[in-house]
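Asks: First the structure, which I've put down as structure tokens, then a few questions once you've had a look.
The values are calculated or read from the model by the stated rules, or taken from the named source; none is laboratory data. Values in this document were obtained by computation on a predicted structure and should not be read as measured data. Ideal geometry is used to build each Cβ from the backbone, glycine not excepted, and the neighbour counts take in all protein chains shown.
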Amino acid sequence: MKKLILTVSVAVALGAMFTACQSSGDSSSSRGGNLGSGALGLANRALAVLNYSPNQAGYGYKSTGPGSDVNTWVTTAKDQINQALSQVGDGYVLQVTGHTDSTGPRTAPGDGRRGNEWYSEQRARGVMAALVRAGVPADKMIAKGVADDEPVSGAASDSQVHRRVTFQIVPKP
């Protein structure tokens, strides 16, 4: 009888902790900043190690489309992404964030060329489209391009490793 009461008490306590985790959160959308607390923090810590670039080598200069390996990558990442989304409430979405290095203009210079903001957003949209084709709900994701605002720590500003797509759970806009 004591064992049963202890088991029920532990289950109730864990349920209360899980509920508290679900209701807590953080409005920070910066990948380098606070990843949140509770369920949001757990989801974002799991996603912090997840990123995509063609063949994990960084996108080519001015390249926006995912590589031929995107379907294989999505197949392996989809469960982790869906798990992260299931840990947070309906008020949150997966932000698919495209990045560039510092090469080239940040915004379109007005002479027909495109800027890094555009390239980074197109990279995010391409990976998001692959995730939708794999079954991740489109209404649970947003695409965002940040150009070179969130560099990889320790890499030169013009390094190809910055040209990538990352993932984070953020409040629904």
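Asks: On the given criteria, is Val93 more than 29 Å from Gly38 (Cα to Cα) and out of contact with any Asp or Glu (no Cβ under 6 Å at 6 or more places or on another chain)? Give the steps one after another, and end with the answer.
Replies: Working: more than 29 Å from Gly38 (Cα to Cα): no; out of contact with any Asp or Glu (no Cβ under 6 Å at 6 or more places or on another chain): yes.
No.
Asks: A follow-up question, please. Can you tell me which of Val88, Val96, Val132 is at pLDDT below 95, β-branched (Val, Ile, Thr) and in contact with a helix residue (DSSP H, G or I) (Cβ under 6 Å, 6 or more places away or on another chain)?
Replies: Details: Val96 fails: at pLDDT below 95; Val132 fails: at pLDDT below 95.
Going through Val88, Val96, Val132 in turn, the sole match is Val88.
Asks: Please find, within region 137-155, the residue that is surrounded by the most Cβ atoms within 10 Å (Cβ to Cβ) out of those that are in a helix (DSSP H, G or I) and not small (Gly, Ala, Ser).
Replies: Going through region 137-155, the residues in a helix (DSSP H, G or I) turn out to be 138-140.
Restricting the remaining residues to those that are not small (Gly, Ala, Ser) gives 139-140.
On the way: Asp139: 9, Lys140: 19.
My answer is Lys140.
Asks: Taking the residues in region 21-80 that are within 23 Å of Ala129 (Cβ to Cβ), charged (D, E, K, R) and out of contact with any Asp or Glu (no Cβ under 7 Å at 6 or more places or on another chain) as candidates, determine which candidate is modelled with the lowest pLDDT.
Replies: Filtering first and then ranking leaves Lys62.
Asks: Here is a follow-up. Among the residues of region 88-108, write down those that are part of a loop (DSSP other than H, G, I, E, B) and either in contact (Cβ under 8 Å) with a residue 12 or more places away in the chain or among the aromatic types (Phe, Trp, Tyr) (or both). Steps first, answer last, please.
Replies: Here is the first cut: in region 88-108, the ones part of a loop (DSSP other than H, G, I, E, B) are 88-91, 99-108.
Result: Val88, Gly89, Asp90, Gly91, His99, Thr100, Asp101, Ser102, Thr103, Gly104, Arg106.
Asks: Can you tell me which residue in region 83-105 is surrounded by the most Cβ atoms within 10 Å (Cβ to Cβ), limited to those that are of a type in the set (S, T, N, Q) and more than 23 Å from Gln160 (Cβ to Cβ)?
Replies: Quick first cut of region 83-105, residues of a type in the set (S, T, N, Q) only: 83, 86-87, 95, 97, 100, 102-103.
If we keep only those that are more than 23 Å from Gln160 (Cβ to Cβ) as well, we get 83, 86-87.
Working: Gln83: 13, Ser86: 10, Gln87: 20.
That would be Gln87.
Asks: Let me ask you something else. Based on what the data block shows, is Thr166 in a loop (DSSP other than H, G, I, E, B), crowded, with 20+ Cβ neighbours inside 10 Å and at pLDDT 95 or above?
Replies: Values: in a loop (DSSP other than H, G, I, E, B): no; crowded, with 20+ Cβ neighbours inside 10 Å: yes; at pLDDT 95 or above: yes.
It is false that Thr166 is in a loop (DSSP other than H, G, I, E, B), crowded, with 20+ Cβ neighbours inside 10 Å and at pLDDT 95 or above.
Asks: Kindly indicate whether Asp111 is assigned to a helix (DSSP H, G or I), among the acidic types (Asp, Glu), out of contact with any strand residue (DSSP E or B) (no Cβ under 6 Å at 6 or more places or on another chain) and free of Cβ contacts under 8 Å to residues at least 12 places away in the same chain.
Replies: Working: assigned to a helix (DSSP H, G or I): no; among the acidic types (Asp, Glu): yes; out of contact with any strand residue (DSSP E or B) (no Cβ under 6 Å at 6 or more places or on another chain): yes; free of Cβ contacts under 8 Å to residues at least 12 places away in the same chain: yes.
Against the criterion (assigned to a helix (DSSP H, G or I), among the acidic types (Asp, Glu), out of contact with any strand residue (DSSP E or B) (no Cβ under 6 Å at 6 or more places or on another chain) and free of Cβ contacts under 8 Å to residues at least 12 places away in the same chain), Asp111 does not qualify.
Asks: Further, regarding this structure: When region 110-151 is examined, which residues are found to be more than 30 Å from Asp90 (Cα to Cα) and either out of contact with any Ser or Thr (no Cβ under 6 Å at 6 or more places or on another chain) or among the β-branched types (Val, Ile, Thr) (or both)?
Replies: Selection gives Gly110, Asp111, Gly112, Arg113, Arg114.
Asks: Here is a follow-up. Looking at Ala108, Ala124, Ala134, Ala77 in this structure, which one is surrounded by fewer than 18 Cβ atoms within 10 Å (Cβ to Cβ), of a type in the set (Gly, Ala, Ser) and within 20 Å of Val49 (Cβ to Cβ)? Give the steps one after another, and end with the answer.
Replies: Details: Ala108 fails: within 20 Å of Val49 (Cβ to Cβ); Ala124 fails: surrounded by fewer than 18 Cβ atoms within 10 Å (Cβ to Cβ); Ala77 fails: surrounded by fewer than 18 Cβ atoms within 10 Å (Cβ to Cβ).
When all the criteria are applied, what remains is Ala134.
Asks: Further question: Quick one: Asp158 ticks every box in (1) surrounded by fewer than 22 Cβ atoms within 10 Å (Cβ to Cβ); (2) assigned to a strand (DSSP E or B) except a single one, so which number is it?
Replies: Every condition holds for Asp158 apart from (2).
Asks: Does region 115-136 hold any residues that are outside any helix (DSSP H, G or I), over 18 Å from Gly67 (Cβ atoms) and either polar (S, T, N, Q) or over 15 Å from the mean Cα position of the chain (by Cα) (or both), and which are they? Quick ask: steps written out before the conclusion?
Replies: Within region 115-136, the first condition is being outside any helix (DSSP H, G or I), and the residues that meet it are 115, 134-136.
Of the ones still in play, those that are also over 18 Å from Gly67 (Cβ atoms) are 115, 135-136.
Those that are outside any helix (DSSP H, G or I), over 18 Å from Gly67 (Cβ atoms) and either polar (S, T, N, Q) or over 15 Å from the mean Cα position of the chain (by Cα) (or both): Gly115, Gly135.
Asks: Pairs under 6 Å by beta carbon, first residue farther than 22 Å from Ala46 by Cα in region 153-173, partner of a type outside the set (D, E, K, R), six or more apart or different chains?
Replies: Every condition considered, the pairs that remain are Ala155/Val161; Ser157/Ser102; Asp158/Ser102; Asp158/Thr103; Gln160/Gly58.
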